[in-house]
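Colleague: Have a look at the structure that comes next, please.
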Amino acid sequence: MISFEESMKLIKKYDLPIVKTFASLDFNELKKAFQKMEKPAVLKVYSPDIIHKTDVGCLFSGIYTLSQLKDAYKKILRNAFSFNPNARIDAFVLQEIAKGIELIIGTKNDETFGKIILFGLGGIYTEIFEDVAIRVLPLDEMQVESMIRQIKGYKILSGYRGKKYNLEALKQLIIKVAELFEKESIKEIDLNPVFLDEKEAKIVDWKFYR
């Protein structure tokens with residue numbers, strides 16, 4: 001997994017929309033950023049040695065106060081090195097809470113088909129329905145649209161019970177991710193979760209592998 005700094009360069013280069021994020025190893029810097037953020041916030045670790053942050057106690061949500069932030073910071077440090085004493089910690093990542101429906105977007109190099117991209121509903125939907133669509137790159141806008149319509153969860157995305165989602169924002173995000181994967185020396189991308197609401201799509205967690 002590439003470093004946090006490298007990942008942010010790619011995110012900025014391809015204009016990938018992420019939730020409001022601040023990263024630092026310095027607690028005082030995190031504290032300053034926290035005071036300017038909407039509450040509650042989330043604090044998590046970014047480490048190539050800790051992939052499943054929630055499972056090992058390296059992600060805390062529902063942070064409203066500075067004392068809760070400090071407590072989460074200490075617990076993440078303790079849990080990270082308890083899980084892996086040699087873990088490389090690139091940053092503590094402080095984020096605002098995203099709203100909407102959870103999605104996943106990913107890419108990888110397939111032995112048979114080459115570069116592929118996948119998209120589907122995230123969260124519990126992924127586990128229950130295994131509802132994903134896959135396309136071989138390169139792809140155009142029509143292919144992205146058909147990809148979105150292909151999943152079983154499209155009924156939800158298209159306005160089930162009056163709930164609206166910005167499918168154009170989702171389409172543009174998939175196109176940008178595909179472009180990044182085609183142009184950069186990246187072996188795999190994992191964007192999970194991505195949140196989509198009526199206004200926009202926002203990436204909350206990202207992993208890029210060389």
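Colleague: On the basis of being under 19 Å from His52 (Cβ atoms) and hydrophobic (A, V, I, L, M, F, W, C), does Ile116 make the cut?
Modeller: no
Colleague: Out of Glu141, Glu168, report the one residue that is among the charged types (D, E, K, R) and more than 25 Å from Met8 (Cα to Cα).
Modeller: Glu141
Colleague: If you don't mind, there's one more thing I want to ask. Tally up the residues in the stretch 24-56 that are surrounded by fewer than 19 Cβ atoms within 10 Å (Cβ to Cβ), under 16 Å from Arg88 (Cα atoms) and not hydroxyl-bearing (Ser, Thr, Tyr), please.
Modeller: Qualifying residue count, the stretch 24-56: 7.
Colleague: Could you tell me which residue of the stretch 159-202 is surrounded by the fewest Cβ atoms within 10 Å (Cβ to Cβ), considering only residues that are within 16 Å of Glu102 (Cα to Cα) and hydroxyl-bearing (Ser, Thr, Tyr)?
Modeller: It comes out as Tyr160.
Colleague: From the list Leu16, Leu10, Leu30, Leu43, exactly one residue is farther than 29 Å from Asn166 by Cα, in contact with a Phe, Trp or Tyr (Cβ under 9 Å, 6 or more places away or on another chain) and in contact (Cβ under 8 Å) with a residue 12 or more places away in the chain. Which is it?
Modeller: Of Leu16, Leu10, Leu30, Leu43, the one residue that is farther than 29 Å from Asn166 by Cα, in contact with a Phe, Trp or Tyr (Cβ under 9 Å, 6 or more places away or on another chain) and in contact (Cβ under 8 Å) with a residue 12 or more places away in the chain is Leu30.
Colleague: A follow-up question, please. Consider Phe92 against the criteria (1) touching a Phe, Trp or Tyr at 6+ places or on another chain (Cβ under 7 Å); (2) in a strand (DSSP E or B); (3) surrounded by fewer than 19 Cβ atoms within 10 Å (Cβ to Cβ): it satisfies all of them except one. Which criterion is unmet?
Modeller: (3)
Colleague: Under 6 Å between Cβ atoms, which residue pairs at least 6 apart in sequence (or on different chains) link something in the stretch 69-90 that is closer than 13 Å to Val56 by Cβ with a partner that is assigned to a helix (DSSP H, G or I) and among the aliphatic types (A, V, I, L, M)?
Modeller: Matching pairs, first to second residue: Asn79/Val56; Phe83/Val56; Ala87/Ala80.
Colleague: So, one more: Can you name the number of the only condition in (1) surrounded by 20 or more Cβ atoms within 10 Å (Cβ to Cβ); (2) more than 20 Å from Ser24 (Cβ to Cβ); (3) not assigned by TED's automatic domain parsing to the domain that holds Leu167 that Phe119 fails?
Modeller: With respect to (1) surrounded by 20 or more Cβ atoms within 10 Å (Cβ to Cβ); (2) more than 20 Å from Ser24 (Cβ to Cβ); (3) not assigned by TED's automatic domain parsing to the domain that holds Leu167, Phe119 is out only on (3).
Colleague: Answer yes or no: is there a residue in the stretch 100-114 that is within 24 Å of Ile18 (Cα to Cα), without any contact (Cβ under 8 Å) to a residue 60 or more places away in the chain and not in a strand (DSSP E or B).
Modeller: Taking every residue of the stretch 100-114 in turn, none turns out to be within 24 Å of Ile18 (Cα to Cα), without any contact (Cβ under 8 Å) to a residue 60 or more places away in the chain and not in a strand (DSSP E or B).
Colleague: Something else about it: From the list Ile117, Ile97, pick out the single residue that is out of contact with any helix residue (DSSP H, G or I) (no Cβ under 7 Å at 6 or more places or on another chain), β-branched (Val, Ile, Thr) and touching a residue at least 40 places away in the same chain (Cβ under 8 Å).
Modeller: Answer to the selection: Ile97.
Colleague: Could you tell me which residue of the stretch 164-197 is nearest to the chain's Cα centre (by Cα), considering only residues that are in contact (Cβ under 8 Å) with a residue 40 or more places away in the chain and more than 27 Å from Glu111 (Cα to Cα)?
Modeller: My answer is Phe195.
The values are calculated or read from the model by the stated rules, or taken from the named source; none is laboratory data. Given the structure is predicted, the values throughout are model-derived calculations rather than measurements. So basically every Cβ, Gly included, is an ideal-geometry build from the backbone, and we count neighbours across all protein chains shown.
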